[in-house]
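**Q** Got a structure for you, questions after.
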Amino acid sequence: MDMILSSRNPIEKIYPEVVLTDKDGYKSVDYSRLTPVLVEAIKELKKENDRLKSEVGNMKSDYDNRIKKLESVLGAKAEK
């Protein structure tokens, strides 16, 4: 599927190989040629998302451990 480009669309600067120009100078995008680029971008985003989920999990575990430690210290002081 092709779509006519506006002058505000930066895709030609980034991926000039997917931009087609007809005999009248109208430009369009061959989106089928963008599929591999989009698949790679999704893979990179998934990898980053997985890393961030892991980091949040580690932070939550650390937070939980600190809370338990504080509760035990405060509980011990309250018993005295």
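**Q** Would you mind computing, in nm to one decimal, how far apart the modelled labels at residue 55 and residue 67 are, each placed 7 Å from Cα along Cα→Cβ?
**A** The two pseudo-label positions are separated by 2.2 nm.
**Q** Rounded, prolate or oblate: which fits the chain, taking a ≥ b ≥ c as square roots of the Cα gyration tensor eigenvalues, rounded meaning a/c under 1.5, else prolate when a/b beats b/c?
**A** Numbers: a/c = 8.29, a/b = 4.81, b/c = 1.72.
Here the chain falls in the prolate category.
**Q** In addition: Using a 1.4 Å probe on the protein heavy atoms, what percent of the accessible area of the chain belongs to carbon and sulfur? All intermediate terms of the calculation are to be shown ahead of the outcome.
**A** Details: 4300 of 7230 Å².
Of the solvent-accessible surface of the chain, carbon and sulfur hold 59 percent.
**Q** Mind checking the per residue accessible area of the chain for me, 1.4 Å probe, whole number of Å²? Let's see the in-between values first.
**A** Values: 7230 Å² over 80 residues.
Accessible area per residue: 90 Å².
**Q** How much net charge surrounds residue 53 when only the other residues with a Cβ under 13 Å from the Cβ of residue 53 are counted, with Lys and Arg +1 and Asp and Glu -1? Walk me through the numbers on the way to the answer.
**A** Numbers: positive: 46, 47, 51, 60; negative: 48, 50, 55.
Net charge in that neighbourhood comes out at +1.
**Q** Taking the chain, how many lysine pairs are there with alpha carbons less than 18 Å apart, if each pair must be eight or more places apart or span two chains? List each step's numbers first, then the result.
**A** Numbers: 13/27; 43/53; 60/68; 60/69; 68/77; 69/77; 69/80.
Taking the chain as the scope, the lysine pair count is 7.
**Q** Using θ = phi - 60° and the Karplus relation 6.51 cos²θ - 1.76 cosθ + 1.60, list the HN-Hα couplings for region 62-74 in order, rounded to whole Hz, with x at every Gly or Pro.
**A** Those phi angles translate into 4, 4, 4, 5, 5, 5, 4, 5, 4, 4, 5, 5, 5 Hz.
The values are calculated or read from the model by the stated rules, or taken from the named source; none is laboratory data. Bear in mind that the values here come from a model prediction, so they are computed numbers and not experimental data. Cβ coordinates were reconstructed from backbone atoms using ideal geometry, including for glycine residues, and neighbour counts include every protein chain displayed. When the accessible area is computed, the model is the full protein with side chains, heavy atoms only, and any ligands, DNA or RNA have been set aside. Shrake-Rupley method; radii C 1.70, N 1.55, O 1.52, S 1.80 Å.
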